[in-house]
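The values are calculated or read from the model by the stated rules, or taken from the named source; none is laboratory data. A quick note: this is a predicted structure, and the numbers were derived from the prediction, not measured. Glycine gets a Cβ as well: all are built from the backbone with ideal geometry, and neighbour counts include every protein chain shown. To get the accessible areas, we keep the full protein, side chains included, count just its heavy atoms, and leave off ligands, DNA and RNA. Shrake-Rupley method; radii C 1.70, N 1.55, O 1.52, S 1.80 Å.
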Amino acid sequence: MSEQPIDHEYWMRHALTLAQRAGEEGEVPVGAVLVWQNQVIGEGWNRPIGRHDPTAHAEIMALRQGGMVLQNYRLLDTTLYVTLEPCVMCAGAMVHGRVSHLVYGASDAKTGAAGSLMDVLGHPGMNHRVQVSGGILAPACSALLSEFFRQRRAQKKAQREMDRNRG
């Protein structure tokens, strides 16, 4: 009996739907799906603004849920799909949780800790290494983020103009 091939694009599309939910809530549109034995055991979308919690990143939400499902903080043999390259905090949580594989969409030159700005996951001093695959559905992931920030800039510009016209 052979194992079924893993469809990274399938799971990334699922993460993209979660990212869209974050955007609808006014959060930076990032989504994450934690998969174990080809089943979702955790999912999340960015919620730090709404929850007033700097740790409420999509990845952390998915990892927390996965730990509850497995009843273990060690998330062995799991793959985390994220629409944006994780930050240092999220990369550290993956190392501590012993996530096996990270698959991300868009790279993040400003805060990416899976190789863009720094490589926490591949650092030789870490006690666990996470396999990394980047660029899965990157154009769709990048477009979602770009559109969110374009709209946010337009809203801020409109607000400044309204404030000027009142004064």
Only one of (1) of a type outside the set (S, T, N, Q); (2) open to solvent by 50 Å² or more (accessible area, probe 1.4 Å); (3) out of contact with any Pro (no Cβ under 7 Å at 6 or more places or on another chain) is not met by H128, so which one is it? (2)
Can you find, within region 29-58, the residue that is surrounded by the fewest Cβ atoms within 10 Å (Cβ to Cβ) among those that are of a type in the set (G, A, S) and outside any loop (DSSP other than H, G, I, E, B)? G50
Does E147 count as open to solvent by less than 30 Å² (accessible area, probe 1.4 Å), of a type in the set (D, E, K, R), out of contact with any Cys (no Cβ under 6 Å at 6 or more places or on another chain) and closer than 23 Å to T17 by Cβ? no
Are any residues in region 89-104 within 12 Å of the chain's Cα centre (by Cα) and open to solvent by 40 Å² or more (accessible area, probe 1.4 Å), and if so, which ones? M89
Identify, please: which residue in region 105-123 is out of contact with any Pro (no Cβ under 7 Å at 6 or more places or on another chain) and assigned to a strand (DSSP E or B) and is, among those, surrounded by the most Cβ atoms within 10 Å (Cβ to Cβ)? G105
What number goes with the only condition from (1) within 25 Å of P124 (Cβ to Cβ); (2) assigned to a loop (DSSP other than H, G, I, E, B); (3) open to solvent by 60 Å² or more (accessible area, probe 1.4 Å) that P86 does not pass? (3)
Residue tally, condition open to solvent by less than 20 Å² (accessible area, probe 1.4 Å) and part of a helix (DSSP H, G or I), over region 64-83: 2
